[in-house]
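Taking it in order: structure first as structure tokens, then the write-up.
The values are calculated or read from the model by the stated rules, or taken from the named source; none is laboratory data. A quick note: this is a predicted structure, and the numbers were derived from the prediction, not measured. Every residue, glycine among them, receives a Cβ derived from its backbone with ideal geometry; neighbour counts consider all protein chains shown.
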Amino acid sequence: MRQPFRIPFLTSVFAVAAFAAALHAAAPPAAAAQKTELKAKPATSFKKPIKKLPLSKETIACLECHRESATPAATKQWEGSRHAVAGVGCYECHSAAKTSPTAFEHNGFSITVLVSPRDCGKCHAKETKEFEASHHAKAGQILGSLDNVLGEVAEGIPAANSGCKQCHGGVVKVTGPGKFDAATWPNTGIGRINPDGSRGSCSACHSRHAFSSSVARQPENCGKCHLGPDHPQAEIYAESKHGIAYRAKIGEMNLDSKSWVLGKDYSAAPTCATCHMSATPELPLTHDVGARISWTLRPEVSQKLENSETRRADMQKVCANCHGANWVQGHYAQYDAAVSLYNDKFAIPAKAIMKKLRDAGKLTPTPFDEKLEWTYYELWHHEGRRARMGAAMMGPDYTQWHGFYEVAKNFYTEFLPQAEELLPGVTADVKAMDDHKWLQGLSKEDRAKIESYYQKRYGK
Ligand code: HEC
Ligand code: HEC
Ligand code: HEC
Ligand code: HEC
Ligand code: HEC
Ligand code: HEC
Ligand code: HEC
Ligand code: HEC
């Protein structure tokens with residue numbers, strides 16, 4: 001069921017190429033000759049045009065080796081970055097106090113390979129604080145989850161290390177000066193648990209060593225993690241009118257601009273960042289990606305989040321830059337109705353049946369050792385999420401064929417029969433619900449309606 005992510009990938013190649021070309025044109029020669037020391041300067045003023053600032057003598061020393069013999073291509077990426085222009089060099093990010101858990105001695109300098117959000121936060125306090133408050137920063141705390149039994153136990157630990165943890169982030173373990181347990185690093189999972197106690201990885205979105213906003217603004221960037229059978233946001237976006245407009249008008253998206261306010265700096269299409277993070281004339285940029293969503297679509301049964309009305313009102317301020325109020329309200333009415341349908345017709349009844357089976361001792365407490373547990377898991381975790389997420393972000397094929405169709409097929413042809421087999425009669429209450437009465441047979445009138453439809457349409 002995993003959908004190939006073809007079209008966006010193509011556009012990403014073009015976008016990255018265009019982006020690289022733009023950077024190349026703008027890339028300043030690195031100021032190797034300048035010897036003034038940089039005083040760590042908070043990055044508060046960087047909306048203003050920035051003067052080229054000198055590099056520190058430490059960074060100049062790093063560059064002496066790193067430009068020629070060690071990591072020359074990575075160094076080139078940094079040379080094209082805003083950091084290089086602002087005098088933020090290798091040493092400003094990689095220097096480490098000797099007492100830091102990841103510090104090691106490197107050619108006369110105490111450095112760290114791993115640069116944590118706390119390190120970035122020395123200059124970017126606002127972004128780091130918002131990020132830390134978000135669900136992204138908590139994504140490494142999946143160790144107690146049901147999915148983790150699936151990943152680490154039913155599948156196996158190397159699968160979880162190369163799979164789950166590359167998106168969610170795992171605990172990075174230090175084994176010696178400058179050395180990490182290879183099972184835990186490299187890792188740029190969004191909620192990585194760092195040896196300094198901080199959470200997350202800024203380079204999950206700000207690919208090194210350019211650390212640009214432009215890469216992070218592209219939907220392909222979020223698509224490393226937000227895709228696949230259980231959360232296909234990238235595919236939904238690609239299918240939606242918004243994704244279509246983005247691909248068609250990518251040249252007008254102004255992705256390289258320093259300021260990126262919707263309606264001022266670009267207007268062709270919204271990307272993931274536009275709706276969930278970026279600035280509009282009314283809203284500031286936020287690094288808390290949950291700030292504008294009202295439902296959580298992840299659990300078995302969807303719930304409204306705390307302050308859901310305020311969050312929703314903020315998202316609607318984004319829409320209002322391109323759409324009228326009735327259009328937006330209408331979309332939300334359709335979305336709410338789809339989530340309620342999923343909850344009331346399928347999710348709540350299925351959850352109740354699972355509870356009855358557990359209470360009756362028909363299912364062991366061990367997850368994933370019975371077929372019905374896999375069936376139920378796919379019902380809410382895969383199909384049920386696709387249906388809800390498709391409806392949230394205007395992807396009709398994910399709402400219908402990858403979503404509600406699969407939910408209904410699973411519910412009626414797998415989940416209910418398997419539950420009934422374990423405990424005869426356990427599904428009776430559910431089958432008696434108005435929503436499911438049709439199983440007892442359509443009425444004569446309904447059948448006649450269907451017959452006459454096919455008669456008119458196909459003459460048979
Ligand atoms: C005398 C030359 C030299 C100098 C000076 C130097 N480096 Fe390196 N550095 C290297 C070489 C060579 C490697 C590759 C070593 C390896 O990983 O095998 C390296 C590797 C690294 C690594 C990766 C280490 C790892 O374990 O993966 C980092 C990070 C790094 N350097 C940062 C710096 C910084 C920051 C400075 C300046 C403070 C600096 N280097 C100065 C030569 C140098
Ligand atoms: C804005 C901060 C920043 C600057 C400036 C910076 N780095 Fe890094 N560097 C990082 C981050 C973040 C990582 C990813 C490590 C991690 O978090 O696991 C990294 C990783 C590395 C690595 C190891 C990763 C690998 O792919 O092997 C090397 C080597 C390195 N940096 C060298 C340099 C050199 C040389 C410079 C200067 C030309 C430099 N860095 C400038 C933040 C920075
Ligand atoms: C020593 C201070 C310092 C550190 C440490 C630092 N930055 Fe920056 N950063 C700056 C400054 C100054 C600018 C502004 C440059 C400009 O306005 O052109 C900047 C700009 C940025 C931008 C915007 C660049 C663009 O092209 O739009 C991003 C994204 C960014 N930093 C991310 C990071 C991340 C991630 C880290 C840690 C891995 C980090 N920074 C570490 C000072 C720092
Ligand atoms: C391709 C990246 C990726 C992989 C691989 C992945 N996840 Fe996720 N996971 C996500 C994303 C993205 C979300 C959030 C989706 C959303 O908000 O709609 C998520 C959500 C979750 C949640 C729900 C969190 C909550 O707050 O309700 C859990 C638990 C979870 N994943 C555990 C796992 C485990 C365990 C594995 C491995 C068996 C795994 N994931 C594999 C990307 C991934
Ligand atoms: C989920 C992806 C994501 C993560 C993780 C992330 N960023 Fe960003 N960041 C973005 C996007 C997208 C933008 C560009 C937004 C825009 O310009 O509309 C951005 C912009 C920035 C900017 C430029 C701000 C400005 O006013 O122009 C800085 C600085 C920055 N990020 C720092 C960080 C730091 C530090 C971290 C880690 C604590 C981090 N980011 C983690 C997505 C991310
Ligand atoms: C490296 C993987 C990764 C990347 C890249 C990533 N995310 Fe996520 N995202 C996750 C995971 C994992 C979760 C689920 C966190 C949890 O609840 O444990 C998540 C959750 C979310 C949520 C739900 C937040 C909430 O409060 O419920 C939103 C919205 C979101 N991401 C948007 C984005 C956007 C927009 C981007 C790109 C700008 C992005 N993400 C990039 C992994 C990622
Ligand atoms: C046109 C605006 C828009 C765009 C573009 C957009 N989203 Fe969304 N997104 C929404 C809305 C609206 C919701 C539902 C909000 C609510 O529940 O109130 C949502 C919900 C989500 C959720 C929450 C799912 C959960 O588990 O609760 C995630 C994660 C997410 N989007 C990620 C993404 C990613 C990744 C992209 C790009 C590939 C993207 N979005 C593009 C508007 C957008
Ligand atoms: C940057 C402008 C922009 C923003 C912001 C934006 N949209 Fe759109 N939207 C478009 C464009 C362009 C289309 C396609 C119009 C067309 O095909 O004629 C579209 C189409 C739609 C459609 C119709 C989908 C279809 O298949 O016919 C809906 C519904 C929609 N948007 C809702 C929203 C909602 C809700 C938000 C906020 C969460 C939002 N849009 C944010 C530009 C935007």
Seminar exercise, completed: Per the filter on the range 187-212, residues out of contact with any Pro (no Cβ under 8 Å at 6 or more places or on another chain), of a type in the set (Gly, Ala, Ser) and either farther than 18 Å from Gly80 by Cα or more than 9 Å from ligand 5 (Cβ to nearest atom) (or both) are Gly189, Gly191, Gly197, Ala204, Ser207, Ala210
Exercise. Only one of (1) more than 30 Å from Asp147 (Cβ to Cβ); (2) within 16 Å of ligand 3 (Cβ to nearest atom) fails for Ala248. Which number is that?
Worked result: (2)
Seminar exercise, completed: Over the range 300-327, the set of residues in a helix (DSSP H, G or I), of a type in the set (A, V, I, L, M) and under 28 Å from Lys345 (Cβ atoms) is Met315
Exercise. Does Ser162 meet the test of being hydroxyl-bearing (Ser, Thr, Tyr), surrounded by fewer than 19 Cβ atoms within 10 Å (Cβ to Cβ) and within 16 Å of ligand 7 (Cβ to nearest atom)?
Worked result: no
Exercise. Of all residues in the range 248-278, how many are within 12 Å of ligand 8 (Cβ to nearest atom) and within 20 Å of the chain's Cα centre (by Cα)?
Worked result: 9
Problem set entry | Subset tally (residues that are within 16 Å of ligand 3 (Cβ to nearest atom) and not in a helix (DSSP H, G or I)) for the range 72-102 | 11
Seminar exercise, completed: Residues of the range 103-147 being surrounded by fewer than 15 Cβ atoms within 10 Å (Cβ to Cβ) and either assigned to a strand (DSSP E or B) or within 16 Å of ligand 8 (Cβ to nearest atom) (or both), in sequence order, are Glu105
Exercise. Can we say Asp265 is of a type outside the set (Lys, Arg), within 11 Å of ligand 5 (Cβ to nearest atom), without any contact (Cβ under 8 Å) to a residue 40 or more places away in the chain and out of contact with any strand residue (DSSP E or B) (no Cβ under 8 Å at 6 or more places or on another chain)?
Worked result: yes
Exercise. Just to be sure, is Val171 under 20 Å from the mean Cα position of the chain (by Cα) and surrounded by fewer than 17 Cβ atoms within 10 Å (Cβ to Cβ)?
Worked result: yes
Exercise. Just a yes or no: is a residue in the range 355-372 under 25 Å from the mean Cα position of the chain (by Cα) and modelled with pLDDT of 95 or more?
Worked result: no
For this session: Consider Arg247 carefully, then state whether it is of a type in the set (D, E, K, R) and buried (at least 22 other Cβ atoms within 10 Å of the Cβ).
Result: no
